[in-house]
Amino acid sequence: MEESQPSSTFKDLAILLLLTVGAFLVHGYHPGVEDAEIYLPGIEKILHPELFSFNAEFFNSHAHLTFFPNFVAASVRITHLSFDVVLLVFELSSIFLLLLACWKLSGECFTSLRARWCGLAMVGALLTLPVAGTALYILDQYTNPRNLAAFAGIFAIASLLKRKYVITALWLAFAAAMHPLMSVFAFSFCVLLIWMKTLPRKSPTIAVAALLLPLGFSFQPPSNAYHQSTLYHTFHYILNWQWYEWVGIIAPVALFWWFARIAHSKGQRNLELVCRALIVYDLIYFAAGLIVSIPARFESLARLQPLRSLHLLYILLIVIGGGFIGEYILRSHTWRWALLFIPLCAGMFFGHRALFPATPHIEWTLTAQGNEWAEAFVWARQNTPTDALFALNPVHMRLPGEDAHGFRAISERSMLADAMKDSGAVTMFPPLAEEWWAQVQAQSGWDNFQMQDFQRLKAKYGVTWIVWEKPALPGMECPYKNAAVQVCRLD
């Protein structure tokens, strides 16, 4: 029998709060970067329906599948807090609830408090650890539905190990409401746990056999426009991964096998079950990743993104691996804890700064100063009509100094389709492909654009403003300019 764990005490919650603040300070906060470009406009559209009269489908396709934008928008309306404050509260709450969920889960796997705290500290220290080959972090530095689905999935697994099936179902339902795709991985792992517990010998064979069923179906090859969108997201295809990314999917199998043997020798039944289930889980989704990568006719299945299953696996790997480190290596030696976590947190801090070198480590609001591109987007938000249509470099989020800030999210203005985030919407929703590709093609050769090219965009799409990173062309009227970029009106 495994020793039961006491309920969380005030002291435990106080430590969790300190870890939350520490994790926030180490990893930073950037409310308008990366996938915030997809998720925040959906909230902004609910709060201000007059926004985004053009190309709203590139973010509404996601927004219509989740209650996340409605949840955040309702929070703004009910609390009467500013949008910026609500986003910050959601981010801090997501960190705290993920740590709390991991604390609950570790209590079902370990009897040692030092094992539990070490696993928890590892999660806090590694929140922005990249998940092999998936373009995901353990927890993003901005509010989004993945963050909410992450802690809900861990709560569901912890509840399942306690045999609280109704609570498990509620957490899975919440995860599905926030992020349907990511909830599938938590649901499938819970099913696998139950299956392996009741049919330990047959379940892996049956599960792998079931995975092969799609091979019998025929799929139409995707269009050229859809194929072009996938070229910006090659990480969806495992055959495009680097060798070290392959290690990131294969090495956990060996680690969990080792952990399962230790757990078996110590009589830690829940821990052994979780480790064995994670081996099968990893192999199943690894095979699924190969299936969508090899035959060209399966290319459109990449939108199912089976390798994002690694997100859940990595969280559990950190909790369990950290538990073993705390139990067998760090033990009660304070200097060992310091020797591990001080360099680890410092490395994550400086690694994060390298990702956002032209941006303050913590951007408290969407209108924070410090990044010149973001400042231009804020100016556009405050000084252009709500129905303004912008054109930008279609790969602007990759440009030096831009630091992946999302124009729509920060400016609350419409823009022509870009090659980075809008292509992600296309990979998930193929009917958008033809219009996306037409708009991206219309912006081809952006670096060499002249006034007649901008006038062409105005005539074809109704573009009224541009964000231009080069010296103004003759005839340009640019009421805003900084060292990196200028905002210009098309007359």
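The values are calculated or read from the model by the stated rules, or taken from the named source; none is laboratory data. From a predicted model like this one, the values you see are computed outputs, not experimental measurements. Cβ: placed from backbone, ideal geometry, glycine included. Neighbour counts: every protein chain shown. When the accessible area is computed, the model is the full protein with side chains, heavy atoms only, and any ligands, DNA or RNA have been set aside. Shrake-Rupley method; radii C 1.70, N 1.55, O 1.52, S 1.80 Å.
Counting only residues at least eight positions apart within a chain, or on another chain, the lysines with an alpha carbon under 27 Å from that of residue 421 are 45, 458, 460, 470, 481.
Working from Cα pairs under 8 Å separated by at least six residues, relative contact order for the chain is 22 percent. In summary, the convex hull built on the alpha carbon positions of the chain has an orientation-averaged projected area of 23.9 nm².
Based on the alpha-carbon set only, what is the convex hull volume of region 337-491 divided per residue, in Å³? Write out the running numbers ahead of the final one.
Working: hull volume 20.9 nm³, N = 155.
Considering the Cα atoms of region 337-491, their hull volume per residue is 135 Å³.
Here the extension length gained between residue 18 and residue 257 equals 82.7 nm, from 0.36 nm per residue of separation less the Cα-Cα distance.
D by Stokes-Einstein for region 53-128, Kirkwood Rh over Cα pairs, 10 °C, 1.306 mPa s: 105 µm²/s. For the chain, the list of Cys residues with no other Cys C-beta under 4.7 Å reads 102, 109, 118, 190, 275, 345. When Rg and Dmax are taken over the Cα atoms of region 305-353, they come to 13.9, 42 Å.
At the residue level, residue 61 shows approximately 30 square angstrom of accessible surface with a 1.4 angstrom probe and all protein chains present. Hydrodynamic analysis of region 450-491 uses the Kirkwood radius over alpha carbon pairs. Inserted into Stokes-Einstein at 10 °C and 1.306 mPa s, it gives a translational diffusion coefficient of 152 µm²/s. For region 1-105, relative contact order (Cα pairs under 8 Å, six or more residues apart, normalised by length) works out to 33 percent.
In region 324-391, the alpha-carbon atoms span a convex hull of 148 Å³ per residue. Between residue 85 and residue 448, the simple label model (points 7 Å from Cα in the Cβ direction) yields a spacing of 5.2 nm. Per residue, region 239-387 exposes 46 Å² of accessible surface when a 1.4 Å probe is rolled over the protein heavy atoms with every protein chain present. Working note: Cα gyration tensor of region 1-128, eigenvalues times five, square-rooted, sorted largest first, giving semi-axes of 36, 14, 14 Å.
Calculated FRET efficiency, residue 223 and residue 473, Cβ-Cβ r, R0 30 Å, to nearest 0.05? Don't jump to the answer; show the numbers that get you there.
Details: r = 35 Å, r/R0 = 1.17.
For R0 = 30 Å, the calculated efficiency reads 0.30.
By the helix-only formula, in which each DSSP H run with n ≥ 4 contributes -39500 (n - 2.57) and the sum is divided by residues, the chain has a 222 nm mean residue ellipticity of -19000 deg cm²/dmol. Note on surface exposure: 257, 241 rank 257, 241 by accessible area, highest first, 1.4 Å probe.
If you stretched the chain out fully between residue 484 and residue 67, how much longer would it get, using 0.36 nm times the residue separation minus the C-alpha to C-alpha distance?
Details: separation 417, 0.36 × 417 = 150.12 nm, distance 3.71 nm.
Difference between extended and current length: 146.4 nm.
Label sites at residue 350 and residue 246, each approximated as a point 7 angstrom past Cα along Cα to Cβ, lie 3.2 nm apart.
Each Lys or Arg adds one and each Asp or Glu takes one away; over the other residues whose Cβ falls under 14 Å from the Cβ of residue 412, this sums to -1. Annotation for region 340-416 versus region 248-278: alpha-carbon center distance of 41 Å.
Rg and Dmax over the alpha-carbon atoms of region 357-449 stand at 13.9, 38 Å.
Surface composition of the chain: carbon plus sulfur atoms contribute 66% of the solvent-accessible area (1.4 Å probe, protein chains only, all chains present).
Evaluate E = 1/(1 + (r/R0)^6) for residue 386 and residue 173, where r is the Cβ-Cβ distance and R0 equals 51 Å; express this FRET efficiency to the nearest 0.05. All intermediate terms of the calculation are to be shown ahead of the outcome.
Working: r = 36 Å, r/R0 = 0.71.
Step by step, r from the Cβ atoms, then E = 0.90.
Normalised by the number of residues in region 371-491, the mean separation of alpha-carbon contacts (under 8 Å, six or more apart) gives a relative contact order of 29 percent.
Considering region 62-212, its Cα convex hull presents a mean projected area of 11.0 nm².
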